[in-house]
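Q: If you scroll down you'll find the structure; I have some questions about it.
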Amino acid sequence: MFDLKQRRIELGLTMLDVAKLVGVSEATISRYESGNIKNMRRDRIEKYAKALKVSPSDFLDINDAEDSCDSDLAALIAKYPNIKPIKLKRFPMLGEIACGEPVFADEDKEHYVMADMDIHADFCLTAKGDSMVNARIYEGDIVFIKEMPIVENGDIAAVIINDEATLKRVYYYREDGMLQLVAENPKYKPLVYQGEELNHIRILGKAVYFMSAVE
């Protein structure tokens, strides 16, 4: 089967070289080489084929092979009801925090995570440190967040404190005008905010799923 990456390497080209010839980003070429070429525009196929010095029909061979795999999977799903296909969706990875506003990376910067479409989240972030280990969230884990400005007491949420995004359990006591952010590690004391301090806190949303980085 025609291999985009192998052909590029045979020609001594980098992904950036091909990206310039096709008129797309280097990240897009990376996605194509990983096999995600369905629905590629005809004009882009022609440019890509020219860059790799192959026929545009070679790209159809790749899609035909993928369709064959899809057919095999459909047969398995029909035969075994406990097999469920994974439909993937791209979730933007939370980038740098600037002035209390989350900045989401552009598509061209590859700051996206592919995960099951059944995850009802709007974005994700990478856990830092060990403050949430008792909730089985470890450093490097990817945590998926459903965007909402208010969460229920006890929910784990992504919270911006000044210019840093962090994960904590949230408890808000309206009568006292007090917000308490609690870690899931006894070595960290709860963070308590009242009055004017609340102006520097922003809840981004509720943690609804996580993807472990531990093998």
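Only the coordinates and a few stated rules stand behind these numbers; no lab work does. What you are looking at is a predicted structure, and each value in this text was computed from that prediction instead of being measured.
Q: Rounded to whole Å and ordered largest first, report the semi-axes of the equivalent ellipsoid of the range 117-215 derived from its Cα gyration tensor (root of 5λ).
A: Details: eigenvalues 102, 48, 25 Å².
For the range 117-215, the semi-axes come out at 23, 16, 11 Å.
Q: Kindly flag which residue pairs out of Lys47/Lys89; Lys20/Lys206; Lys5/Lys146 have an alpha-carbon separation exceeding 31 Å in this structure.
A: Flagged as over cut-off: Lys20/Lys206; Lys5/Lys146.
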